[in-house]
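Notes to accompany the following structure.
Nothing in this text is a laboratory measurement; each read-out follows from the coordinates by a stated rule. Quick caveat: nothing in here was measured; it's all calculated off a predicted structure. Cβ: placed from backbone, ideal geometry, glycine included. Neighbour counts: every protein chain shown.
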Ligand code: SF4
């Protein structure tokens, strides 16, 4: 299952709690905002716990963590194909 982390630029006010909480996942820019502000990233499976911590740390609720729908469908199809081949 693939998870996507995204930052709403309208809500992000640069508190910095996300990249302080999860420094291996998120980083700050020269103005103190998270560099992912206004963007999105695929969360590596071994970083999912950090992504959840960052999401919970944001006082503005600017961070969204959700499943990537298209990839999940592809994953299921691959899995179904594998079942039919077995
Ligand atoms: S996403 Fe939240 S915690 Fe991170 S810099 Fe923006 S407001 Fe601060």
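The stretch between residue 30 and residue 1, if pulled fully straight at 0.36 nm per residue, gains 7.1 nm over its current Cα-Cα span. Given region 3-45 reduced to its alpha-carbon atoms as identical point scatterers, what log10 I(q)/I(0) does the Debye formula return at q = 0.13, 0.27, 0.29 Å⁻¹? Treating every Cα as an identical point scatterer, log10 I(q)/I(0) equals -0.24, -1.00, -1.13. Distance between the pseudo-spin-label points of residue 65 and residue 53 (7 Å out from Cα toward the beta carbon): 1.0 nm.
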